[in-house]
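Structure first, then comments.
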Amino acid sequence: IYEREIFYALCDKLGLMVWQDFMFACGEYPEQKWFLRSVEDEATKVVKRLRNHPSVVFWCGNNECEWNFCKENPGKTADDMKGATIFRDLLPSICRQLDGTRPYWRSSPYGKGFPNDESNGNHHQWSVWGEWKDYPEYEKDEARFVSEFGFQAPAHRTTFEKVTVESDRHPQSRVMEHHNKLPQGTEMLFRFQAAHHKLDSTFASFIYKGQLVQAEALKCAIEHWRRRKFRTAGALFWQLNDCWPVSSWSVIDSSLRPKAAYYYAKRFFAPVLVSFKQSAGRLGVCPVCHVWLTNDLLTPIQGSLLLSLRSFHGETLWTREETVRMKANDSRCRMTWRLDSKIPFNRSEHYLLVQFKEEDNSFSENRFFFEEPKHLVLPKPIITTAVTKNGKEGYCVHVSTDTFAKNVELSVEGDVVVFEDNYFDLEAGTTKEVNIRSSVPIADLEKKLQARALDEGKGE
């Protein structure tokens, strides 16, 4: 659709850039004069209406028409497609005559040669997820601009509970399968959970772990493409939100409850990112971990980079600290970790923590786990919470843990509460403050507030 005026006005105000498609997708179109007149009329009105919005930065002829055609018709080019004259001639002419200030792109994806080639133009990455490939495969993708990719996750349990009866609250019930419109969608959710987590039959666990898989998938992809800056110069994930209760690629469900990936996105899209890149180590058993720093700011940065090998019970086995400087708009490897035989290291019980602290006290951190969560020996943490008032409708939740707590989920049953952060890792013996907005009285909030963490190992 072409969005309502308020959408573009808010994007103007907030500085959000809009990639504007014309209304063509996934097919071929007539080239008769009556249809071309209709297209010209529509496109003329749209360009005149939207051209004065600074948020609109890009016109695009269609979504996936050329890619689908060339994929289904080997040996033919995009110009052989019915409707090619619309996207090759008509639309760019209208954009040039009535606007002329923004680039026009024929299709998404599109480039020289095959329309979805990684070597040039923009790219849609759907072999991961869509072709049953797992998300570590993202790190093999070297596209220049990834304008569409994604991974499914269920909506929140409370969202599903409002449209189901108790007997239907199982991932394989007919009703829940109806609430996933992708053929084999439920089977795919199980496939990817099984790769990373222990499976069980509880509805709450299926939703929680399903959201974690989506979050880790998007994190893996974005961190990889950001490390490649500017060889890869952009990534847009599908999708933001939903219009009904469903398992889908969105990061916000239809009740406006953010999934785990929403909070992950705040971290992996932060202007300054510290991340890990793994390469094979001795006998391919223990990896070599490279610590990368990515600076998207237009100014240089300087700070302290601290890398440590830790246990889930809070012991530090090894540490290294360096002062690093980064140019503006730069991404590079700043530190490397290799296994030292003198360190009593256990892949299932230890992890790497990297922290980057800038001179202005801003902070970025990340963790590398040597095993999938299903093989980690995670202790069951004792998580405590305390709520204090913070403004008219604001509160602060103080979250503490005795041992390492992985993917701490804060929730308030039955209410939509806006958390500043969620699904985070918490170091042993530490406290994290999370600001929230809620109209719920503080006494009710304290009663309803719940905290859980992943505990899949022997410590269950």
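Remarks
- Condition met for Ser411 (part of a loop (DSSP other than H, G, I, E, B), among the small types (Gly, Ala, Ser) and over 30 Å from Ser279 (Cβ atoms)): no
- Going through (1) closer than 30 Å to Ser275 by Cα; (2) at pLDDT below 95 one by one, Ser201 falls short only on (1).
- Residue in the stretch 189-204 that is free of Cβ contacts under 8 Å to residues at least 24 places away in the same chain, open to solvent by 30 Å² or more (accessible area, probe 1.4 Å) and within 21 Å of the chain's Cα centre (by Cα) present: yes
- Filtering Phe87, Phe22 for residues that are surrounded by 14 or more Cβ atoms within 10 Å (Cβ to Cβ), under 21 Å from Phe114 (Cβ atoms) and in contact with a helix residue (DSSP H, G or I) (Cβ under 8 Å, 6 or more places away or on another chain) leaves a single hit, Phe87.
- Residue within the stretch 254-271 that is open to solvent by 10 Å² or more (accessible area, probe 1.4 Å), more than 23 Å from Leu353 (Cβ to Cβ) and touching a Lys or Arg at 6+ places or on another chain (Cβ under 9 Å) present: yes
- Phe58 vs. criteria within 21 Å of Gln125 (Cα to Cα), out of contact with any Phe, Trp or Tyr (no Cβ under 8 Å at 6 or more places or on another chain) and either touching a residue at least 24 places away in the same chain (Cβ under 8 Å) or not in a helix (DSSP H, G or I) (or both): no
- Contact map, the stretch 132-147: residues that are over 18 Å from Lys112 (Cα atoms) and at pLDDT 95 or above paired with residues that are of a type in the set (Val, Ile, Thr) and assigned to a helix (DSSP H, G or I), Cβ distance under 7 Å, separation 6+ or inter-chain. No pairs are found.
- The conditions of being more than 24 Å from Leu236 (Cβ to Cβ), modelled with pLDDT of 95 or more and open to solvent by 60 Å² or more (accessible area, probe 1.4 Å) are not met by Glu5.
- Qualifying residue in the stretch 220-237 (condition: over 28 Å from Glu118 (Cβ atoms), among the aromatic types (Phe, Trp, Tyr), open to solvent by 40 Å² or more (accessible area, probe 1.4 Å) and more than 10 Å from the chain's Cα centre (by Cα)): no
- The requirement of being part of a strand (DSSP E or B), more than 29 Å from Val416 (Cβ to Cβ) and open to solvent by less than 60 Å² (accessible area, probe 1.4 Å) is fulfilled nowhere in the stretch 383-398; no residue meets it.
- Qualifying residue in the stretch 348-368 (condition: in a loop (DSSP other than H, G, I, E, B), in contact (Cβ under 8 Å) with a residue 24 or more places away in the chain, over 24 Å from the mean Cα position of the chain (by Cα) and closer than 19 Å to Val288 by Cα): yes
- Extreme residue, farthest from Leu352 (Cα to Cα), among residues of the stretch 315-330 that are touching a residue at least 12 places away in the same chain (Cβ under 8 Å) and open to solvent by 60 Å² or more (accessible area, probe 1.4 Å): Lys327
Here's the yes/no breakdown for (1) at pLDDT 95 or above; (2) among the aliphatic types (A, V, I, L, M); (3) surrounded by 18 or more Cβ atoms within 10 Å (Cβ to Cβ):
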position: Glu72; (1), (2), (3): yes, no, no
position: Met81; (1), (2), (3): yes, yes, yes
position: Ser93; (1), (2), (3): yes, no, no
position: Arg96; (1), (2), (3): yes, no, no
position: Thr101; (1), (2), (3): no, no, no
position: Arg106; (1), (2), (3): yes, no, yes
position: Pro109; (1), (2), (3): yes, no, yes
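- Considering the stretch 133-153, and only residues there that are assigned to a strand (DSSP E or B) and among the charged types (D, E, K, R), the residue that is surrounded by the fewest Cβ atoms within 10 Å (Cβ to Cβ) turns out to be Lys133.
- From the list Glu118, Glu66, the lone residue that is modelled with pLDDT of 95 or more, open to solvent by 50 Å² or more (accessible area, probe 1.4 Å), more than 26 Å from Leu10 (Cα to Cα) and not aliphatic (A, V, I, L, M) is Glu118.
- Condition check for Glu40 on (1) closer than 30 Å to Gln125 by Cα; (2) in a helix (DSSP H, G or I); (3) in contact (Cβ under 8 Å) with a residue 24 or more places away in the chain; (4) open to solvent by 50 Å² or more (accessible area, probe 1.4 Å): one failure, at (1).
- Residue within the stretch 412-427 that is small (Gly, Ala, Ser) and at pLDDT 95 or above present: no
- Flag if Ser348 is open to solvent by 10 Å² or more (accessible area, probe 1.4 Å) and over 27 Å from Gly429 (Cβ atoms): no
- Residue count for the stretch 61-117, restricted to those that are part of a helix (DSSP H, G or I) and over 19 Å from Ser38 (Cβ atoms): 11.
The values are calculated or read from the model by the stated rules, or taken from the named source; none is laboratory data. Note that this is a predicted model, so its numbers are computed, not measured. Don't worry about glycine lacking a Cβ; one is built from the backbone with ideal geometry, like all the others, and counts go over all protein chains shown. Please note that ligands, DNA and RNA were not included when accessible areas were found on the heavy atoms of the full protein model with its side chains. Shrake-Rupley method; radii C 1.70, N 1.55, O 1.52, S 1.80 Å.
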